[in-house]
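A quick write-up on the structure given underneath.
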Amino acid sequence: MKILIVFAHPEPASFTGRLKDYAIQVLQDAGHDIQLTDLYNLDIQGAGNRNEFLKLQNPRFFDYQAEQTHATSSGGFSPEIKKEQEKVMHAEFILFIYPLWWDSPPAILKAWIERVLAMGFAYGNQWKFSNDPLKEKKAMSIISTAGLAEIYRPNALRGDLGQLLYWFHHGTLFALGIQVLPPFVAWGAKDADDFLQGKYLEELAGRLRVLSAIEPIPFHPLGDYGEDFQLIYKELDRKSLQPPLVACHGCGSLIPWDSDYCTECLEIERKSGT
């Protein structure tokens, strides 16, 4: 599989950097074709601006989306933007690896999204969700957090992680037609000891080895919404109500996305006292 890794952390020696390095190793050992974008080594940092374009369609008034659409049709993006767009089109799967800062991916990742997944290239007024040019692709987040899992649950201090990332997973990726897999999260990784960090790496390897078998998050398709863009409440088939599957942290077998271990591995964990 052709996989693009988009890495968003300023320190390569961080645990987030270790997650990236280990992911590359595991995926390459499995025979995947890997490309890497290290956002902090990329010359397209910061907010969108006129320098992204070789020539402006309207130099007197800067309409960012109009310029993106024009650049798509005329080949007018800067070489840096064009190279990233070529990586995206080459990829079948995109892995985003980042820390959770202020309950969100780092701003540098948002800047990459706005500049690379440009209007005319990744979306347009005539494309809506599953009709976008990127509709055949899949994506997944690999996240490191400072906080423990307990504070990222519904009604907990920080709130449900799925809701915190809804703008990214649904409002951005799924809106572009991309199928989004449940994220892999290394909870409390910032202060984790070597044993726990090693365990996270093993769990990540188990997840990556079954990427093609993991079910995407079951977001509602566009057809479930009316002309007012509100959900139409109707009887859904039973299959659509089933949760997506992820890899068991112990043996790698597929289990519901909101579980960490299958029944057998959970019993082993309990007996071992870990």
#### Entry: Answer residue from region 25-44, given it is touching a residue at least 60 places away in the same chain (Cβ under 8 Å) and over 28 Å from D63 (Cα atoms) and is surrounded by the fewest Cβ atoms within 10 Å (Cβ to Cβ) among those
A30
### Query
Inside region 1-24, can you point out the residues that are modelled with pLDDT under 95 and either surrounded by fewer than 17 Cβ atoms within 10 Å (Cβ to Cβ) or more than 22 Å from A192 (Cα to Cα) (or both)?
M1, P10, E11, P12, A13, S14
### Query
Which members of region 1-45 meet the condition of being under 18 Å from H90 (Cα atoms) and of a type outside the set (A, V, I, L, M)?
K2, F7, Q28, G31, H32, D33, Q35, T37, D38
### Query
I142 fails exactly one of the following numbered conditions: (1) farther than 16 Å from G177 by Cβ; (2) assigned to a loop (DSSP other than H, G, I, E, B). What is the number of that condition?
(2)
### Selection status of A47, aliphatic (A, V, I, L, M), modelled with pLDDT under 95, over 22 Å from P183 (Cα atoms) and loosely packed, with under 14 Cβ neighbours inside 10 Å
yes
### Task
Find the residue count for region 213-230, including only residues that are surrounded by fewer than 13 Cβ atoms within 10 Å (Cβ to Cβ), farther than 16 Å from H169 by Cα and more than 18 Å from the chain's Cα centre (by Cα).
6
### Task
Provide a single number: the residues in region 156-175 that are farther than 14 Å from D103 by Cα and out of contact with any helix residue (DSSP H, G or I) (no Cβ under 8 Å at 6 or more places or on another chain).
3
### Query
Which of the residues that make up region 145-169 are of a type outside the set (K, R), within 28 Å of P12 (Cα to Cα), at pLDDT below 80 and in a loop (DSSP other than H, G, I, E, B)?
L148
### Query
Among P99, P105, which is the only one that is at pLDDT 85 or above and either within 16 Å of L42 (Cβ to Cβ) or of a type in the set (G, A, S) (or both)?
P105
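For region 170-180, state whether one or more residues are surrounded by 13 or more Cβ atoms within 10 Å (Cβ to Cβ), modelled with pLDDT of 80 or more, among the small types (G, A, S) and not in a helix (DSSP H, G or I). Write out each step before concluding.
Start the filter on region 170-180 by keeping residues that are surrounded by 13 or more Cβ atoms within 10 Å (Cβ to Cβ), which leaves 170, 172-180.
Next, from what is left, pick out any that are modelled with pLDDT of 80 or more: 170, 172-180.
Those left that are additionally among the small types (G, A, S): 175, 177.
From the residues that got through so far, the ones that are not in a helix (DSSP H, G or I) too are 177.
Yes - at least one qualifying residue is present in region 170-180.
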#### Entry: Which numbered condition I34 fails, given (1) assigned to a strand (DSSP E or B); (2) under 30 Å from L148 (Cα atoms); (3) not aromatic (F, W, Y)
(2)
### Message
If E136 meets every condition in (1) under 17 Å from the mean Cα position of the chain (by Cα); (2) surrounded by fewer than 21 Cβ atoms within 10 Å (Cβ to Cβ); (3) under 29 Å from P12 (Cα atoms) apart from one, which number is that one?
### Response
(3)
### Message
For region 142-169, give me each residue that is buried (at least 20 other Cβ atoms within 10 Å of the Cβ) and more than 23 Å from L222 (Cα to Cα).
### Response
I142, I143, S144, T145, Y152, L161
### Query
Could we say that A122 is buried (at least 18 other Cβ atoms within 10 Å of the Cβ) and touching a Pro at 6+ places or on another chain (Cβ under 7 Å) here?
yes
### Query
From the list E92, E84, E114, which residue is touching a residue at least 60 places away in the same chain (Cβ under 8 Å) and over 30 Å from G198 (Cα atoms)?
E114
### Query
Limited to region 42-72, what total is found for residues that are more than 22 Å from P10 (Cβ to Cβ) and β-branched (V, I, T)?
2
### Query
So how many residues does region 200-212 have that are over 17 Å from the mean Cα position of the chain (by Cα) and loosely packed, with under 15 Cβ neighbours inside 10 Å?
1
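The values are calculated or read from the model by the stated rules, or taken from the named source; none is laboratory data. Computed from a predicted structure; not experimentally measured. Cβ sites come from the backbone with ideal geometry, for glycine too, and all protein chains shown count toward neighbours.
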